[in-house]
Amino acid sequence: QLRRHRETLEALREQAPAVPDAEVLPGFDEYQFQRVLSAYLALHPECPEYRIAAEGREAGPWIRVLHRALGAWAEHRLDHLDVEPFADFTGRIGSALRAVLDTAEPRERVLVVTSGGVISTILQAALGVPWSQAVRFNLALKNASLTELKHREGGVLELHAFNALPHLAGPADRPLHTLV
């Protein structure tokens, strides 16, 4: 239901008119980056990475600050602040994913337009890796990239593609490969 998701779907439809109408599932909404960051900085106002990030225009320091903030959030150190508790975030994603998989026909292709935190959370669960790895997935995801999962018998999700940009493969498209 987020604007960025709607705009992405509209762009897809311009290129592939056969993309069906969307069912809006708020469970796939991204975490609120500003709230997570603000909550983290409220606990750590002297964060050295934040001072460096605020002074420059480089993405690297911001990625390091976000890594720290997401780690604190995943460890439930921000739950008492003005931020969606981490367990609620992961729980709503799991519920939305189950709803999609439970209603999909065998071999049916399903397109979910969402954001990096949601994709990373689904990958974390599918691959059985610790949340710290999911944070790395999240911070590595490029805007407009594709991740492909296959739903196997018994509810198993297999990763088949991650962070792919086949639609932005030309040399002139390289500047469009952005993280933030």
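Key figures
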| quantity | calculated |
| --- | --- |
| Accessible area of the chain divided out per residue, in Å², using a probe of 1.4 angstrom | 63 |
| Ratio of the Cα radius of gyration of the chain to 2.2 N^0.38 Å, where N counts its residues | 1.09 |
| GNM top mover of Leu78, Leu165, Leu12 - the chain, alpha-carbon springs below 10 Å | Leu12 |
| Angle between the chain longest axis and helix 131-140 axis [Cα atoms, degrees, rounded to 10] | 80 |
| Over region 78-155, relative contact order from alpha-carbon pairs under 8 Å, at least 6 apart, % | 23 |
| Prolate/oblate/rounded call for region 77-180, Cα gyration tensor, a/c under 1.5 rounded | oblate |
| Surface share of carbon and sulfur [accessible, 1.4 angstrom probe, percent] for the chain | 53 |
| Of Ala96, Gln32, Ile63, farthest towards positive along the dipole that unit charges on Lys, Arg, Asp, Glu beta carbons give region 23-108 | Ile63 |
| For Phe33, net neighbour charge (Lys/Arg +1, Asp/Glu -1) across residues whose Cβ lies under 13 Å away | -1 |
| In sequence order, calculated HN-Hα J values of region 55-62 (Karplus, 6.51, -1.76, 1.60; Hz; x Gly/Pro) | 7, x, 10, 7, 6, x, x, 5 |
| Net charge of neighbours whose Cβ lies under 10 Å from the Cβ of Ile52, counting Lys and Arg as +1 and Asp and Glu as -1 | -1 |
| Estimated [θ] at 222 nm from DSSP helical runs (n ≥ 4, -39500 (n - 2.57)) normalised by residues in the chain, nearest 500 | -15500 deg cm²/dmol |
| Relative contact order %, the chain, counting alpha carbon pairs below 8 Å whose residues are six or more apart | 19 |
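The values are calculated or read from the model by the stated rules, or taken from the named source; none is laboratory data. Small disclaimer: the values here were computed from a predicted structure and weren't measured. So basically every Cβ, Gly included, is an ideal-geometry build from the backbone, and we count neighbours across all protein chains shown. SASA here: full protein model, heavy atoms, side chains in, ligands and nucleic acids out. Shrake-Rupley method; radii C 1.70, N 1.55, O 1.52, S 1.80 Å.
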